[in-house]
Amino acid sequence: MIKFFTLGIAAVVVMSAQVPQALFNGPQAPQALLNQYCVTCHNAKLKTGGLALDQLNLQHVGPDAETWEKVVRKVRAGLMPPAGARRPDRPSLDAFASAVEDGLDRAAAANPNPGRTPLHRMNRSEYANAIRDLLGVEVDAATLLPADDSSNGFDNIADVLGISPALLERYVSAAAKISRLAVGDPETAPLDVTYTVKGDLSQTETLDGLPPGTRGGMLIRHNFPLNGEYLIKLSLQKLSFGQVFGEGAEGQELEVTLNGERVKLFKLDEVPMFFMKESAGPAPPPTPLSDPSEERVKMTPNIRLEFRANVKAGPQTVGVAFLEKNNDAIEDLVHRPGASTFDSNIGMQYGYSTVPHLGRVDITGPYNATGPGDTPSRKRIFVCHPSAPADEIPCARQILSNLTRRAFRRAPTDSDLESLLSFYQQERSKGSFDGGVEMALRRILADPEFVFRFEPPPAAVPPNGIYRISDTELASRLSFFLWSSIPDDELLKLAIQGKLHEPAVLDRQTRRMLADERARSLVTSFADQWLYLRELKNANPDAREFPDFDDNLRQAFQKETEMLFESVLREDRSALDLLDADYTFVNERLARHYGIANIYGPDFRRVPVPNEERRGLLGQGSMLLVTSNANRTSPVQRGKWILENLLGSPPPLPPPNVPPLKENANASAATSVRGRMEEHRANPVCAACHKIMDPIGLALENFDGVGQWRNADSGVRIDASGQLVDGTPIDGPASLRKALLARREAFVGAMTEKLLMYGVGRETKYYDMPVVRTIMRDAAPDRYRFSDLVLGVVNSAPFQMRMKEADSVSSRKAD
């Protein structure tokens, strides 16, 4: 314990030796500043905001650390004193905040609190990644497990990852399905898996991942359970009244590839059309194209695009795309918008694509299976093969020992193996060696030690005592933090040897893991949740207001922000580059939306930002879209998003019965969003909160609801000027970004706090903030490089230590 707090204490000692003279002999002493600018409102009589600072002792902040942390957070973000109130100069406020932080850090060093993390269940993303890394099987966890609850934006917070009898049944069912798939159960019944194309995906151009010379379609990674025959059925997009969209276009060809090789080419004007009788009952079993038996009742048209193919077991890539022909009409030439879109609810109309669109792909099978094949999962499982009956038990023990070590993330015990061997023998007595292994694997995947992360305290630790977690538990924390998955062999070996906690070893392993491809989970899990990228799929702009928007643009928004974050991760850049990067990543679709010339094709590439307004997160369509309403921008949502996610200081909750912002009733009397906001703020009930959020959001008003630059709103020239709470004038995205960079400690502190929360899997509390500040101070000399922030989290007490519950159960197994 002493080791982990040495650095923090040293930092406090150095700071206390250097800061006080500057603080107390500077522009204004902290106590005088508090009395003059804060206590006038926050006192025992008024209790503004429920806060009475005159009852607290600034010289001894430890007993009221939770309150003082809130004060510091508001001051650092520039939100206090409030707009319109008397305010000291910036150096005085910074000195005041530093003085309070100094006292808080001293108190934390004297009474360390690493916090308590409840029993931690894998969320379903971690579960899918763990299955992938354990067995080499890629599964869609959304089809196996229900969605997880989230807290503070993250779905890996232990407090909300509850368990119920119904969820336990889902885990047991998932274990059975996955074990059969991994081993290759010869009794597997034909399964039907459907892949659906999003309805507003424009298919007039080559899509990312598909080859040049094609348009539209989709790319599928499908796990074929056995060697055998599979039925692949394609369905075209249909209009709202049932007609196949674009069915009259001549010369259209639809290609199906397997791992890049063509397996089928459909010429649509030569494909037979059958009229299927609609039925409420189950669909008939699939039949090959050569089967002429089909009831022809003129009701619903159905173009038959299906065929059977022999496919080897294992993960395979299926591509479906239309061949692009230069002499074919792609769009209606009467009126062509910036990007062609298709909405199945509006049908064909001028300005929309007139060619067929792929709607979905169904893969059914296996039929006439010939065996499990030589799949990646079988190679991972069967590390030995018995050549005689006498070899079966030793081989089974070796297989199960290897699987248990990785699945339970520790060295297996004799008790573990004996229990699993009993499951193996029970099934082996009724069938094959492979069947016995499959049953034992099913038991491993359903075991609490696979699904949960146990961190029992040593027996000698008293209730509420602090203890260091074991090396194997540290390995799990590290791998789930950086990879959202289980440890690999190298990390686990060091942990079992008891070497991982050594600072040099831990540093090397952390850097190795950050360089690994699996660290991309920090993008798809951490960044996607922190920056609300997972909400993009739910954003559906009004097609009348934004006719150029489609799913291609939605996907491009997400990929742009993910690639920016990943560049900071991979190149070990400063966290500040997320706000101020002079580069971005675009493909043709996104470049056209941003007005960047000479970018062609679906592939993303790194380019300089076209202007100051597009630098960093504030100029990216992802943030601008998720903070807008369906038919207009929302300065309130944009301001709130920046306060919460970039400054770590959420605005106050709105009072009850707040009237909504008035919407434009008709085009002739349309009013700009700013005009309606000013009318809304005239209500005193609304004014206090809006003074905080509105100037931030209005600074981005030149970006419309889908992130495109504009100069007017409803015929009124946009005025992006305003003043932040601290008096800083702003007049657009560039000046807002500079204002945020002027408070870089607030931004880096918010990001570090989010990283710590995500890394330890629990909500951060007031007693974690001294740790956040220590991480920031250590990373400041190199401008907060990403690896320094991650290493700061990994080396922190909350990451490596725990406080024992008063009624902690030392047993590893769940009841």
**Selected residue (only one of D133, D159, D185, D148 is part of a loop (DSSP other than H, G, I, E, B) and closer than 26 Å to V760 by Cα)** = D148
**Complete:** The correct count of residues that are touching a strand residue (DSSP E or B) at 6+ places or on another chain (Cβ under 8 Å) and at pLDDT below 80 in segment 228-250 is 7
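Here is a yes/no grid of residues against (1) hydroxyl-bearing (S, T, Y); (2) closer than 25 Å to D580 by Cα; (3) touching a residue at least 40 places away in the same chain (Cβ under 8 Å):
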| position | (1), (2), (3) |
| --- | --- |
| V505 | no, no, no |
| S521 | yes, yes, yes |
| A527 | no, yes, no |
| L533 | no, yes, yes |
| F549 | no, no, yes |
**Item:** Selection count, segment 543-557, where residues are more than 15 Å from S628 (Cα to Cα) and outside any loop (DSSP other than H, G, I, E, B)
**Value:** 5
**Request:** Go through (1) of a type in the set (S, T, Y); (2) surrounded by fewer than 18 Cβ atoms within 10 Å (Cβ to Cβ); (3) touching a residue at least 12 places away in the same chain (Cβ under 8 Å) one by one and return the number of the condition Y127 breaks.
**Result:** (2)
**Request:** Considering only segment 105-144, state which residues are in contact with a helix residue (DSSP H, G or I) (Cβ under 6 Å, 6 or more places away or on another chain), of a type in the set (A, V, I, L, M) and more than 22 Å from R406 (Cα to Cα).
**Result:** A107, A108, A109
**Request:** State all residues of segment 489-504 that are open to solvent by 20 Å² or more (accessible area, probe 1.4 Å) and either acidic (D, E) or under 23 Å from D788 (Cα atoms) (or both); if no residue qualifies, say none.
**Result:** D489, E490, L494, K499, H501, E502, P503, A504
**Asked** How do the pairs read when you match residues in segment 395-411 that are of a type in the set (F, W, Y) with residues anywhere that are surrounded by fewer than 23 Cβ atoms within 10 Å (Cβ to Cβ), using Cβ under 7 Å and keeping only pairs 6 or more apart or on different chains?
**Response** F408/E449
**Prompt:** Of the residues in segment 466-488, how many are open to solvent by less than 10 Å² (accessible area, probe 1.4 Å) and not in a helix (DSSP H, G or I)?
**Reply:** 6
**Asked** Is at least one residue of segment 411-428 over 23 Å from G498 (Cβ atoms), over 37 Å from the mean Cα position of the chain (by Cα) and at pLDDT below 95?
**Response** no
**Message:** Anything in segment 571-592 that is open to solvent by 10 Å² or more (accessible area, probe 1.4 Å), in contact (Cβ under 8 Å) with a residue 24 or more places away in the chain and farther than 14 Å from G616 by Cβ? List them, or say none.
**Reply:** D572, N587, E588, R589, R592
**Request:** For G319, indicate whether it is touching a strand residue (DSSP E or B) at 6+ places or on another chain (Cβ under 9 Å), under 21 Å from H357 (Cα atoms) and either at pLDDT below 50 or part of a loop (DSSP other than H, G, I, E, B) (or both).
**Result:** no
**Asked** Here are S164, S151: which of them is more than 17 Å from F452 (Cβ to Cβ), open to solvent by less than 70 Å² (accessible area, probe 1.4 Å) and not hydrophobic (A, V, I, L, M, F, W, C)?
**Response** S151
**Message:** Against the definition (in contact with a Lys or Arg (Cβ under 7 Å, 6 or more places away or on another chain), at pLDDT below 90, β-branched (V, I, T) and surrounded by 16 or more Cβ atoms within 10 Å (Cβ to Cβ)), how does V256 come out, yes or no?
**Reply:** no
**Prompt:** Within the set of pairs 6 or more residues apart or between chains, which connect a residue that is closer than 19 Å to A630 by Cα and surrounded by 15 or more Cβ atoms within 10 Å (Cβ to Cβ) inside segment 667-678 to a residue that is at pLDDT below 70 and of a type in the set (A, V, I, L, M) with Cβ atoms less than 6 Å apart?
**Reply:** R676/L661
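Yes or no, residue by residue, for (1) open to solvent by 20 Å² or more (accessible area, probe 1.4 Å); (2) among the charged types (D, E, K, R); (3) modelled with pLDDT of 90 or more; (4) assigned to a loop (DSSP other than H, G, I, E, B):
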residue	(1), (2), (3), (4)
L46	yes, no, no, yes
D54	yes, yes, no, no
A95	no, no, yes, no
R116	yes, yes, no, yes
**Prompt:** Any idea which residue in segment 185-224 is modelled with the highest pLDDT, counting only those that are touching a Lys or Arg at 6+ places or on another chain (Cβ under 9 Å) and closer than 30 Å to F433 by Cβ?
**Reply:** F224
**Item:** segment 23-44, subset in a loop (DSSP other than H, G, I, E, B) and open to solvent by 70 Å² or more (accessible area, probe 1.4 Å), residue modelled with the lowest pLDDT
**Value:** N25
**Prompt:** How many residues does segment 588-615 contain that are under 26 Å from G732 (Cα atoms) and in a loop (DSSP other than H, G, I, E, B)?
**Reply:** 7
**Request:** Could you tell me whether F565 is assigned to a helix (DSSP H, G or I) and crowded, with 21+ Cβ neighbours inside 10 Å?
**Result:** yes
**Complete:** Taking segment 708-737 and the residues there that are among the aliphatic types (A, V, I, L, M) and within 22 Å of N611 (Cα to Cα), the one that is most open to solvent (accessible area, probe 1.4 Å) would be A712
**Fill in**
G216 passes all but one of the listed conditions (1) open to solvent by 30 Å² or more (accessible area, probe 1.4 Å); (2) touching a Phe, Trp or Tyr at 6+ places or on another chain (Cβ under 8 Å); (3) on the phi > 0 side of the Ramachandran plot; the exception is number (1)
**Message:** Tell me which helices (runs of 4 or more DSSP H) are completely within segment 350-455 and hold 3 or more residues being surrounded by fewer than 17 Cβ atoms within 10 Å (Cβ to Cβ), or say none if there are none.
**Reply:** 392-408, 414-428
**Request:** Write out, first by first residue and then by second, each pair whose Cβ atoms fall under 7 Å of each other, whose residues are 6+ apart or on separate chains, and whose first residue, in segment 32-44, is of a type in the set (V, I, T) while the second is open to solvent by 50 Å² or more (accessible area, probe 1.4 Å).
**Result:** V39/D54
**Item:** Where a residue in segment 256-269 is on the phi > 0 side of the Ramachandran plot and its partner, wherever it lies, is in a strand (DSSP E or B) and among the β-branched types (V, I, T), with Cβ under 6 Å and at least six apart
**Value:** N259/T317
**Prompt:** Can we say D542 is among the charged types (D, E, K, R), over 30 Å from G749 (Cβ atoms) and either open to solvent by less than 50 Å² (accessible area, probe 1.4 Å) or more than 20 Å from the chain's Cα centre (by Cα) (or both)?
**Reply:** yes
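The values are calculated or read from the model by the stated rules, or taken from the named source; none is laboratory data. Nothing here was measured: the structure is a model prediction, and the numbers come from that model. Please note: Cβ atoms are built from the backbone with ideal geometry, for glycine as well, and neighbour counts cover all protein chains shown. Please note that ligands, DNA and RNA were not included when accessible areas were found on the heavy atoms of the full protein model with its side chains. Shrake-Rupley method; radii C 1.70, N 1.55, O 1.52, S 1.80 Å.
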